Amino acid sequence: MALQDGLNQGPAHRLLAYVGQKRSILIMCHNNPDPDTIAAAFALKSIFLQAGKRKVTIGYGGIIGRAENRQFVRRLKIDLTHVREIDFRVYSVICLVDTQPHTGNNALPQNILPHIVIDHHPLRRESTKCPFFDVRPKYGSSSTILTEYLRELNFTVGRRLATALFYGLKTDTNELLRSTVKADLDAFTFLFPKTAPRTLAAIENPSIPKSYFLKFADAIDNSIQYQDAIVSQMGKLTTPDIVGEMADFLLRMEGIRWTLCLGEYQDDLYMSVRTSRRRRMAGMTALRIVHGLGTGGGHEKAAAGKIPLKGLSPERRQEISSIAIDRFLKIVGVNRKESKPITAPPGVQRKKPEKDVTPPTNGIPPGE
Ligand SMILES: [Mn+2]
């Protein structure tokens, strides 16, 4: 990019200068998109449209599972195209939002380097090779970054867009509880008066399928407490993002500072790690859990991982779960002998030895 393009200008101006006359733009969310990645993509699309671009597509891989997220997309009329209907060759600009190249959680083929990366996860080396990247790991959401862009450009933020960004920021920061920077609060107070409160209420309180409640019951039944940590093996999942919800939910229990929830969706093992402890990198923990097995990462207090299980026997799948749990307990530093189901009455140690975590056996060496 020519020097004068970006001189004395903020990132949003530099972004538009970089895109210049290029016409067709693809914005990719991360897989199984959550409100933050969708809102950020929606905002980026709005920026391009307000800058006069005609063809802007928002793409994603996986599924939009949670009832809230389906309602979010439907109520705010956000157009999303599944990756199976996307031909990457027809776009002159490809963007990634709320994810980065080679993270394993987006559907952009490995051999395509995106032109634009906007994210708030820890910076990856691959991103620095992209012509435009703006990665701010301290920010609570990608929606915060995009809100700043809209303000920098003095572009219109309509009700739908404000509601989307507000909800993206709110969910990613867990109502600002996970936020540590003033920028999140600034975005929050800027967006709040522009939102549509009734639409927001409808998004936050959708009807939820019965299977969801049963899965919650199941997860609680299968939760083992190790001192201040809970591990829940959730079995087969109907939507991959429920592990994150459950991990958030269990973290609210008195005396609990760490949670790990894991379950299988199609041919992958999905997991979420949460912690309420400050400066404890949930993201680093997730990375170490999946090391050599899959992909993962995240933030200080919330992270996720995925391990491919295709072609593996049920025994082998259970073994991999056990390795993941084992690594988690080791990293968190709890005494695994002090374990009990959370459903056990107070003071009672664990009675069901069959649910014990089996140490890693052959196959994958421990600590790999
Ligand atoms: Mn995010």
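Derivation of every value follows stated rules applied to the coordinates shown; laboratory data play no part. None of the values given here were measured: they were computed from a predicted structure. Every residue, glycine as well, gets a Cβ built from its backbone with ideal geometry; the counts of neighbours run over all protein chains shown.
Neighbour counts of other C-beta atoms within 10 Å: give me VAL83, VAL97 arranged from fewest to most.
Ordered from fewest to most neighbouring Cβ atoms within 10 Å, VAL83, VAL97 come out as VAL83, VAL97.
Averaged over all directions, how much area does the convex hull of the C-alpha atoms of the chain cover when projected, in nm²?
Values: hull surface 76.0 nm².
Quarter of the Cα hull surface area: 19.0 nm².
Under a Cβ-Cβ cut-off of 11 Å, what is the net charge of the residues other than MET234 that fall near it, where Lys and Arg count +1 and Asp and Glu count -1?
My count for the surroundings of MET234 gives -2.
When the chain is treated as a GNM, springs tying every alpha-carbon pair under 10 Å, which of PRO101, PRO109, PRO11 comes out with the largest mean-square fluctuation?
Among PRO101, PRO109, PRO11, the largest mean-square fluctuation in the Gaussian network model of the chain belongs to PRO109.
Relative to the longest principal axis of the chain, what angle (0 to 90°, nearest 10) does the C-alpha long axis of helix 210-221 take?
The helix 210-221 is inclined about 50 degrees to the chain.
Non-local amide H neighbours of PHE133 (under 5 Å, H modeled in plane, Pro and chain starts lacking H): which ones?
Amide H to amide H, under 5 Å and 5 or more residues apart or across chains, PHE133 pairs with VAL117.
Per DSSP H run of at least 4 residues, take -39500 (n - 2.57); add these up for the chain, divide by its residues and hand me the 222 nm value, nearest 500 deg cm²/dmol. Before the final figure, lay out the partial values.
On the way: 12 runs with 132 residues, N = 368.
Calculated at 222 nm, the ellipticity per residue is -11000 deg cm²/dmol.
How do SER232, SER142, SER211 rank when sorted from fewest to most other Cβ atoms within 10 Å of their own Cβ?
Values: SER232 26, SER142 32, SER211 12.
Ascending number of Cβ neighbours within 10 Å: SER211, SER232, SER142.
For the stretch 90-247, with only Lys/Arg (+1) and Asp/Glu (-1) charged at the beta-carbon, what is the dipole magnitude about the Cα centre, in debye rounded to 20?
The calculated dipole for the stretch 90-247 is roughly 320 debye.
Taking the chain as a Gaussian network, Cα atoms linked when under 10 Å apart, which of CYS261, CYS130, CYS95 shows the biggest mean-square fluctuation?
Per the Cα network of the chain with a 10 Å cutoff, CYS130 tops the list.
Output wanted: per-residue J couplings in Hz (rounded whole) for the stretch 31-37, from phi through Karplus 6.51 cos²θ - 1.76 cosθ + 1.60, θ = phi - 60°, x for Gly and Pro.
Rounded to whole hertz, the list is 5, 6, x, 9, x, 5, 5.
Starting with the fewest neighbours, write out LYS215, LYS170, LYS77, LYS22 ranked by other beta-carbon atoms found within 10 Å of each beta-carbon. Before the final figure, lay out the partial values.
Numbers: LYS215 21, LYS170 25, LYS77 9, LYS22 13.
Going from sparsest to densest Cβ surroundings: LYS77, LYS22, LYS215, LYS170.
Please identify, among LEU250, LEU49, LEU15, the residue showing maximal mean-square fluctuation in a Gaussian network model of the chain using a 10 angstrom Cα cutoff.
LEU49
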